[in-house]
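The values are calculated or read from the model by the stated rules, or taken from the named source; none is laboratory data. Because the structure is predicted, anything quoted here is derived from the model rather than measured. Every residue, glycine as well, gets a Cβ built from its backbone with ideal geometry; the counts of neighbours run over all protein chains shown.
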Amino acid sequence: MSQKIPLIDVHAQNRPLQEEMLTAMRGVLESGAFILGPEVKAFEDEFRAYTKVPHAIACASGSDALLLPLMAANIAEGDEVLVPSFTFYATAGAVARLGGTPVFVDSDDTCNISLVDLEKKITPRTKALIPVHLFGQMVDMDAVMKIARAKNLLVIEDCAQSIGAEFRGKQCGAFGDYGAFSFYPTKNLGAIGDAGMVSAADTQKAELMNMIRVHGSKQRYYHELVGTNSRLDSLQAAVLRIKLRHLRQYEQGRERVAALYTRLFKNAGLSEEIRLPVVGPERKHVWNQYTVRAKKRDALRAHLGGLGIGSEIYYPLAMHKQAAFQKYLSKPVSLPVCEALEQEVLSLPMYPELADAQVERVVEAVRGFFRGK
Ligand SMILES: *Cc1c(COP(=O)(O)O)cnc(C)c1O
């Protein structure tokens, strides 16, 4: 049997940098500065230069990067926060953890939040919006900000899957009041553990983030507000600094793989069976996932698995149907696009080092499923 093609391969990316990373890690070990410290400061500066966000404050994870801005805004019981239902749990989980009510919004054909449904779900209790730039593609943030400013709502961009993505030439995290980034190992910029970053639109918000991540204090042992412990390890920062220097090249690899999938699928004549990712206008997509919509999705996935080809269903159950969130629904909600997506989506192998021949094998395997050999 030919070699397996995994969904993602973190080794392909980390192996060539291993010696450099080990040297940097030894530097941290010898410095004795393990938490925050100079490596974290340098990473924040380099991240800011790359993304062009106004302020960048490192924290412990992408989930915390969503939580800290909601804490700063005092989101609590009775407050509604609009989130897409078709996303990773953390987007809605952050709201619920603070006692707020996540209000679930349907998606559009790009798999991102539907702005039509978003506007319908605003009530006098709505305090904030969390648009998610899913799979590496940005939401129309000009439209989101217009809606939010008209109603005086806080905007936190969930950029966990989309570092480097652009809308109208501007990167994600630079539009909203805050942006939440994740460096979970499989994200486009992956650490070797948990790590996150909050972007903030102005110095006051940046200052709040700086305090909330260290138990609400500016000066040690003097606490001005209630925060939490969400600091970044120096070890993670040291590794991320090295990988950030290669992010542009990783993006180009992902772009090559995505363009090849799209071209090969079009040539395969599967437009009835496979819907390719829809890229909205004026976007730079960074392809954290290449997600198609397929008929007979589960059988297709099993067929690919049998041929040693990895795939994943992001996401099999939308958030408005999750057991954990039922108590936030005053009446049953129906979100038809989300409900179609959870039945049809399939994410195919996607990482920068994927070879053209491997992409060809994946498309051939999909063609074989629908058309036979
Ligand atoms: C990964 C992810 C998060 C959470 O990031 P962690 O670093 O794993 O906590 C939040 N939102 C989305 C959309 C994600 O994909």
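Structure data summary
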| item | result |
| --- | --- |
| Residue list for the range 190-217, restricted to those being in a loop (DSSP other than H, G, I, E, B) and either among the acidic types (Asp, Glu) or without any contact (Cβ under 8 Å) to a residue 60 or more places away in the chain (or both) | ALA191, GLY193, ASP194, ASP202, HIS215, GLY216 |
| Residues satisfying the stated conditions in the range 333-373, i.e. of a type in the set (Phe, Trp, Tyr) and buried (at least 19 other Cβ atoms within 10 Å of the Cβ) | TYR351, PHE369 |
| Residue in the range 302-312 that is touching a residue at least 60 places away in the same chain (Cβ under 8 Å), in a helix (DSSP H, G or I) and either within 16 Å of the ligand (Cβ to nearest atom) or not acidic (Asp, Glu) (or both) present | yes |
| From the options LYS127, LYS205, LYS187, residue that is crowded, with 17+ Cβ neighbours inside 10 Å, among the basic types (Lys, Arg) and either outside the structural domain of ILE35 (by TED's automatic domain parsing) or within 11 Å of the ligand (Cβ to nearest atom) (or both) | LYS187 |
| Of residues in the range 132-182 being within 16 Å of the ligand (Cβ to nearest atom) and out of contact with any helix residue (DSSP H, G or I) (no Cβ under 9 Å at 6 or more places or on another chain), the one farthest from SER114 (Cα to Cα) | PHE135 |
| Any hit, the range 41-55, residues being surrounded by 15 or more Cβ atoms within 10 Å (Cβ to Cβ), within 16 Å of the ligand (Cβ to nearest atom), of a type in the set (Phe, Trp, Tyr) and in the same structural domain as LEU232 (by TED's automatic domain parsing) | yes |
| Single residue of VAL95, VAL139 found to be touching a strand residue (DSSP E or B) at 6+ places or on another chain (Cβ under 8 Å), assigned by TED's automatic domain parsing to the domain that holds SER217, at pLDDT 95 or above and outside any helix (DSSP H, G or I) | VAL139 |
| From the options ARG241, ARG231, ARG245, residue that is among the basic types (Lys, Arg), under 22 Å from ALA49 (Cα atoms) and within 16 Å of the ligand (Cβ to nearest atom) | ARG231 |
| Helices (runs of 4 or more DSSP H) contained in the range 1-58 and holding at least 3 residues within 24 Å of the chain's Cα centre (by Cα) | 10-14, 37-51 |
| Per-region count, the range 280-295, residues surrounded by fewer than 15 Cβ atoms within 10 Å (Cβ to Cβ) and either outside any loop (DSSP other than H, G, I, E, B) or at negative phi (or both) | 2 |
| Unmet criterion (only one of (1) surrounded by 20 or more Cβ atoms within 10 Å (Cβ to Cβ); (2) under 24 Å from LYS127 (Cβ atoms)) for ALA174 | (1) |
| Residue list for the range 13-34, restricted to those being among the small types (Gly, Ala, Ser) and at pLDDT below 95 | GLY32, ALA33 |
| Complete set of residues in the range 265-279 that are among the basic types (Lys, Arg) and surrounded by 15 or more Cβ atoms within 10 Å (Cβ to Cβ) | ARG275 |
| Test: LEU7 is at pLDDT 95 or above, loosely packed, with under 15 Cβ neighbours inside 10 Å and farther than 26 Å from PHE167 by Cβ | no |
| Residue match in the range 70-82 (condition: among the β-branched types (Val, Ile, Thr) and closer than 16 Å to ILE156 by Cα) | yes |
| Selected residue [under 29 Å from ALA12 (Cα atoms), free of Cβ contacts under 8 Å to residues at least 60 places away in the same chain and assigned to a helix (DSSP H, G or I)] from ARG254, ARG263 | ARG263 |
| Sole residue being charged (D, E, K, R) and touching a Lys or Arg at 6+ places or on another chain (Cβ under 6 Å), chosen from GLU339, GLU344, GLU255 | GLU344 |
| Single condition TYR315 does not satisfy, out of (1) within 16 Å of the ligand (Cβ to nearest atom); (2) of a type outside the set (A, V, I, L, M, F, W, C); (3) buried (at least 22 other Cβ atoms within 10 Å of the Cβ) | (3) |
| Candidate set from the range 63-106 (those that are within 13 Å of the ligand (Cβ to nearest atom) and of a type in the set (S, T, N, Q)); member that is surrounded by the fewest Cβ atoms within 10 Å (Cβ to Cβ) | SER63 |
